[in-house]
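Since the structure comes first, as structure tokens, the remarks are kept for the end.
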Amino acid sequence: MTQDIPKNYESAQVESRWYESWVDKGCFTADPARVSESRPAYSIVIPPPNVTGVLHMGHVLNNTIQDILVRKARLDGKEVLWLPGTDHAGIATQVMVEKQLKKAEGKTRYDLGREAFLERVWDWKKEKGGIIINQLKKLGCSCDWSRERFTMDERYSRCIQKIFVDLYKKGYIYRGKRMVNWCPASLTALSDEEVIMEPHKGFLYYFKIEIAEEPGTFLTIATTRPETIPGDSAIAVNPKDERYAKYIGKHAIRPLPCENQEPIPIVGDESVEFEFGTGVLKVTPAHDKTDFEIGRRHNLKVTDIMNPDGTMNALAGKDLAGMERFKARDKSVELLRELGLLVKEEPYENKVGISERAKVPIEPRLSEQWFLKYPSVPAARECVASGAMKFHPERWSKVYEHWMGNLQDWCISRQLWWGHRIPVWYSKSDPAKIYCDVTPPADAENWEQDPDVLDTWFSSWLWPFATMGWDMDTPDAEMPELLKKFYPTSDLVTGPDIIFFWVARMIMAGFEWRGEMPFRNVYFTGIVRDKLGRKMSKTLGNSPDPLDLIARYGADALRFGTMRSAPLGQDVLFDEKNVELGRNFCNKLWNASRFRQMSGPMADNSSLEAIVSRIVPELCDADDHAILDGLVRLVRGCSDALANYEFNAYTQALYAFFWNDFCDWYVEVAKTRLTDEKLRGNVLAIQDLCLRQFLLCLAPLTPFIAEELYHLLGYIPEGEFLQSQKLVSADELAGTLEKRGLKIDATAVNDIAQIREFVTQARALKSHNNAGTKKDCLFRLVLKDAAAGALLERNAAKLKTLIGAKEIEILSENSEGIGASAVTPLGTLSLDTTGLIDVAAETKRLSKELEKLDKAVAAGTAKINNPAFASKAPAHILEGAKKQLAETQAKRDEVAKLLESLKLKG
RNA sequence: GGACGCUUAGCUCAGUUGGUUAGAGCAUCUCGUUUACACCGAGAGGGUCGGGGGUUCGAGUCCCUCAGCGUCCACCA
């Protein structure tokens, strides 16, 4: 029935064996047909990692959480779908393949042409695209791999086209010439969300500009971008600014030579700040968003002086033409200086928009792009505001609400090749004529398709339902069962960094096409940082390789360590020590299980009831009651913690119960009963019960070792899996015990708490007196009261073993102790220290303790004597305070006495 | 310029609706190889809860304020 547990735990071997088995037997496969009233559906869609991605600590955190949730749901008897997949990651993937192409063949994508290039990308995807999926498997993720999706799957792509056409026809999508964030490195437009504002140390340049109508009169302008002077269309001042209002309507002469040397108008615009610089603004409508708006208000000319790649074009004048934009800046400063127009330059720090992907400053640029006016905004806002959809931690809902309340139209077109191509064709004969549909026009030869693709996030926002077989044209009644049963999903687990990119947009899409929210709860993880608090990144090289950690410590250990340090929604400071702790924990668990096996024959462990029926209530002592009490509390604690997404409370509860209560205390204490034939069976039954329920609670966190031990201890026959077991609730567990006639005795639980304290003090006493390892000490105890006597009586045998005592003599109340003493819950305990005692050290220790107790007594007395406290505090608090003061006082007196007798000896 | 978060032992963090003498793990120190585990066991030292003020019989826990750190949002060139 069971086999011997090997001496060492080999995580690598155990993990790969079980994972294979789980997948083979379809453990992770969701079946909509099994969903019923008594077997509710539970679903999560994975935040699809980039297909180019490799597993990093953020993935570990995020996916471990999801795996814990889905595995817990299975143990709770739910039908579970965890739907996995990858994201085509437009820019990232294309750039990567382009780099390879350049390196290997020295070619660019243009050399290959669109079709051939895309073939290369697909080849790459087929060959290397699955890396991260395999890594997730190593971590133990129980995704339904039979349903793995990719955002460029044919079906999925079809959905994207359809919703584009849908939105276009509804009037949400439009094409327009706007100022966009242009990435000069990737040569594409970006959405506002893809631009990161970063501080940049530069200079503020002050230069003079002459007024055409008043030769010899100059205005001074402050700018950070002198290279754009050739693109200036006007000079703006605030009309309320009395320094400059008089110049409005006049003209100025651009100082740098360029193609068009006509004087530019001086206009009045209220957006100009008095305080900044000189209060005079140069207006460059083609290269700055604010300036573009000013240009519109004043009908200014838009002169684009740059090429798409960020170099200056001919309109910038022959001095700058062809120059890279930052070189051109230096050059223009030089020119201004030569012309004697540069007044000064001062160091200046401002924020510059950086392309998230290419890490280069973006260039505001006027270009023709497709934009989306967000749909279903009111419903999307309302569902979070009303609490119908919950964010954990709740505070993120404010961030969401703020963004939703300030929506800007979304630039969705990208000048890339890798992605979903925009389903729009332009008539060759009349470029203004547009055809928009999922199928190309019938007379395709007369049309030209838009060359652009859609923003990757424009495909991601359909992820929760497009992955489940949704189709826009299918009536709801005919939708796939998968969608009907598993949508909306239960939880979404993701990082707060993509709340706008992804979460908000998915909510809108959910309402727009499914008429409801796509998930009920969103759990936002923290950001994983290194020990020094720095965000983990490839460039910093501070991110450990999770695969390496798994190889060295095991996936369970990595999961355990990560969760133990992941407080609710706080950033996670990763430290390999935590993984080591996880490894140690697995080792402890392994050995405790092994010890159980070595302690006596294995009996019927086949079900909870079978084990409970082996327990004989009359044979249970206080320790049994205490550990069962702890077990029930553990079950409740784990369940509550997970229901509240408190993963580290969950992990800590498991750790504390198992290590401190079960191993350090219960198993140790029970050793004395193992040698007694009459008692052994009962003790082992309780251990079997504890281990079984513990493994069930633990399984979502460390599924591999839990599964392995669950089998080795005979809780389940071969061919079945732990995940099919039912994790009974705390109440059900207590109920099962009661049915067997075992009602947990609160007094016994309290007794054990006192006994444990007593043992700790006795051991400390030995340790202080250089007798830490002696096993035949002579103790004497002046009992506190009769109850203490009875308690001691009942536990005498095991106490002697636990504290290494030859004898515990009971002394009458007023007798003198021997050697060193300590005040314990059972009374004053003394140790015969003949030949051992270190009077000086013991005096020092007791003096310190006395000082502490004196303080406590003083504070307690003051509190009780405070009439306000006595009259206003509730009765139980008052009583508690009095009782505590009495105890503290007694202890203080006792310690004082001990100290006195010690002084006599010294 | 706004918003949010954090500040508790050397380090990383717990501390439930304010209520008895603030807890873990790691690290440090002492002792230990007793028939599960040295990836172990026993014990010890170490915080007055960022500063200040307030509310209260009572505050790490609520309010105000200051400081430091961090994140997000924002069209001051």
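Tell me whether the stretch A:558-565 contains one or more residues that are open to solvent by 10 Å² or more (accessible area, probe 1.4 Å) and within 16 Å of RNA strand B (Cβ to nearest atom).
Looking through the stretch A:558-565, at least one residue is open to solvent by 10 Å² or more (accessible area, probe 1.4 Å) and within 16 Å of RNA strand B (Cβ to nearest atom).
Anything in the stretch A:521-542 that is at pLDDT 75 or above and part of a loop (DSSP other than H, G, I, E, B)? List them, or say none.
A:Thr525, A:Gly526, A:Ile527, listed by residue number.
If you check A:Ile253 against the conditions, is it of a type in the set (Val, Ile, Thr), modelled with pLDDT of 85 or more and exposed (fewer than 15 other Cβ atoms within 10 Å of the Cβ)?
yes
Given the residues A:Asp664, A:Asp688, which is the only one that is within 11 Å of RNA strand B (Cβ to nearest atom), of a type in the set (D, E, K, R) and in a helix (DSSP H, G or I)?
Just a single option satisfies the conditions, and that option is A:Asp664.
Just one of A:Pro441, A:Pro423, A:Pro375, A:Pro393 is open to solvent by less than 40 Å² (accessible area, probe 1.4 Å), in contact with a Phe, Trp or Tyr (Cβ under 9 Å, 6 or more places away or on another chain) and modelled with pLDDT under 90; which is it?
A:Pro393
In the stretch A:316-362, which residues are of a type outside the set (Asp, Glu), more than 50 Å from the chain's Cα centre (by Cα) and open to solvent by 40 Å² or more (accessible area, probe 1.4 Å)?
Across the stretch A:316-362, the qualifying residues are A:Lys318, A:Arg337, A:Leu339, A:Gly340, A:Val343.
All but one of (1) touching a helix residue (DSSP H, G or I) at 6+ places or on another chain (Cβ under 6 Å); (2) open to solvent by 10 Å² or more (accessible area, probe 1.4 Å) hold for A:Asp688; state the number of the condition that does not hold.
Of the numbered conditions (1) touching a helix residue (DSSP H, G or I) at 6+ places or on another chain (Cβ under 6 Å); (2) open to solvent by 10 Å² or more (accessible area, probe 1.4 Å), the odd one out for A:Asp688 is (2).
Which of the residues that make up the stretch A:290-315 are near RNA strand B (Cβ under 9 Å from one of its atoms) and buried (at least 16 other Cβ atoms within 10 Å of the Cβ)?
A:Thr290, A:Asp291, A:Ile294
The conditions are (1) farther than 30 Å from A:Gly804 by Cα; (2) free of Cβ contacts under 8 Å to residues at least 40 places away in the same chain, and A:Asn648 fails exactly one of them. Which is it?
Condition not satisfied by A:Asn648: (2).
For the stretch A:48-159, which helices (runs of 4 or more DSSP H) that fit wholly inside it have 3 or more residues that are without any contact (Cβ under 8 Å) to a residue 24 or more places away in the chain?
A:90-105, A:109-112, A:114-128
Cβ-Cβ below 9 Å, separation at least six or inter-chain, first residue in the stretch A:587-604 and part of a helix (DSSP H, G or I) and among the basic types (Lys, Arg), second near RNA strand B (Cβ under 8 Å from one of its atoms) and open to solvent by less than 30 Å² (accessible area, probe 1.4 Å): which pairs?
Matching pairs, first to second residue: A:Lys588/A:Cys663; A:Arg596/A:Val667.
Restricting attention to the stretch A:543-557, and to residues there that are assigned to a loop (DSSP other than H, G, I, E, B) and under 18 Å from the mean Cα position of the chain (by Cα), which single residue is modelled with the highest pLDDT?
A:Asp545
For every residue, the table says whether it meets (1) more than 8 Å from RNA strand B (Cβ to nearest atom); (2) open to solvent by 30 Å² or more (accessible area, probe 1.4 Å); (3) among the small types (Gly, Ala, Ser).
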{"position": "A:Val579", "(1), (2), (3)": "yes, no, no"}
{"position": "A:Gly582", "(1), (2), (3)": "yes, no, yes"}
{"position": "A:Phe595", "(1), (2), (3)": "no, yes, no"}
{"position": "A:Val612", "(1), (2), (3)": "yes, no, no"}
{"position": "A:Ile615", "(1), (2), (3)": "yes, no, no"}
{"position": "A:Glu646", "(1), (2), (3)": "no, yes, no"}
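Could you list, in sequence order, all residues of the stretch A:849-864 that are within 10 Å of RNA strand B (Cβ to nearest atom) and open to solvent by 50 Å² or more (accessible area, probe 1.4 Å)?
A:Glu849, A:Lys852, A:Lys855, A:Ala859, A:Ala862, A:Lys863
Taking the residues in the stretch A:872-895 that are of a type in the set (Lys, Arg) and farther than 16 Å from A:Gly827 by Cβ as candidates, determine which candidate is farthest from RNA strand B (Cβ to nearest atom).
That would be A:Lys882.
Taking only pairs six or more apart or across chains, which ones have beta-carbon atoms under 8 Å, a first residue in the stretch A:277-290 that is farther than 18 Å from A:Pro255 by Cα and in a loop (DSSP other than H, G, I, E, B), and a second residue that is within 6 Å of RNA strand B (Cβ to nearest atom) and polar (S, T, N, Q)?
Taking only residues 6 or more apart or on different chains, the pairs are A:Gly277/A:Thr223.
When you scan the stretch A:730-744, do you find a residue that is within 16 Å of RNA strand B (Cβ to nearest atom), within 22 Å of A:Arg794 (Cβ to Cβ) and without any contact (Cβ under 8 Å) to a residue 40 or more places away in the chain, even just one?
Within the stretch A:730-744, none of the residues are within 16 Å of RNA strand B (Cβ to nearest atom), within 22 Å of A:Arg794 (Cβ to Cβ) and without any contact (Cβ under 8 Å) to a residue 40 or more places away in the chain.
From the set of residues in the stretch A:337-358 that are more than 14 Å from RNA strand B (Cβ to nearest atom) and of a type in the set (Lys, Arg), which is modelled with the lowest pLDDT?
Selected residue: A:Arg357.
Looking at (1) open to solvent by 10 Å² or more (accessible area, probe 1.4 Å); (2) among the hydrophobic types (A, V, I, L, M, F, W, C); (3) within 48 Å of the chain's Cα centre (by Cα), which is the one condition that is false for A:Ala189?
If we test A:Ala189 against (1) open to solvent by 10 Å² or more (accessible area, probe 1.4 Å); (2) among the hydrophobic types (A, V, I, L, M, F, W, C); (3) within 48 Å of the chain's Cα centre (by Cα), just (1) comes out false.
Please find, within the stretch A:434-448, the residue that is farthest from A:Met472 (Cα to Cα) out of those that are assigned to a loop (DSSP other than H, G, I, E, B) and touching a residue at least 60 places away in the same chain (Cβ under 8 Å).
If we take residues in the stretch A:434-448 being assigned to a loop (DSSP other than H, G, I, E, B) and touching a residue at least 60 places away in the same chain (Cβ under 8 Å), then A:Asp437 is farthest from A:Met472 (Cα to Cα).
Can you tell me how many residues in the stretch A:673-685 are open to solvent by 20 Å² or more (accessible area, probe 1.4 Å) and either within 10 Å of RNA strand B (Cβ to nearest atom) or of a type in the set (A, V, I, L, M) (or both)?
Total satisfying the criteria: 3.
Restricting to the stretch A:450-488, count the residues that are polar (S, T, N, Q) and touching a Lys or Arg at 6+ places or on another chain (Cβ under 7 Å).
Counting residues in the stretch A:450-488 that are polar (S, T, N, Q) and touching a Lys or Arg at 6+ places or on another chain (Cβ under 7 Å) gives 1.
What residue, among those in the stretch A:809-839 that are outside any loop (DSSP other than H, G, I, E, B) and more than 53 Å from the chain's Cα centre (by Cα), is modelled with the lowest pLDDT?
Per the criteria, the residue is A:Val839.
Please work out which one of (1) under 22 Å from A:Gly340 (Cα atoms); (2) of a type in the set (D, E, K, R); (3) touching a helix residue (DSSP H, G or I) at 6+ places or on another chain (Cβ under 7 Å) is the condition A:Asp269 fails and give its number.
(1)
Among the residues of the stretch A:456-490, write down those that are farther than 27 Å from A:Ile422 by Cβ, in contact with a helix residue (DSSP H, G or I) (Cβ under 6 Å, 6 or more places away or on another chain) and crowded, with 16+ Cβ neighbours inside 10 Å.
Selection gives A:Leu482, A:Lys485, A:Tyr487, A:Thr489.
Any idea how many residues of the stretch A:725-777 are of a type in the set (Ser, Thr, Tyr), modelled with pLDDT under 90 and part of a helix (DSSP H, G or I)?
Final tally of qualifying residues: 3.
The values are calculated or read from the model by the stated rules, or taken from the named source; none is laboratory data. Here the structure is a predicted model, which means the values were calculated and not measured. Cβ atoms come from the backbone with ideal geometry, glycine included; neighbour counts cover every protein chain shown. In case anyone asks, the SASA skips ligands and DNA or RNA and just uses the protein heavy atoms, side chains included. Shrake-Rupley method; radii C 1.70, N 1.55, O 1.52, S 1.80 Å.
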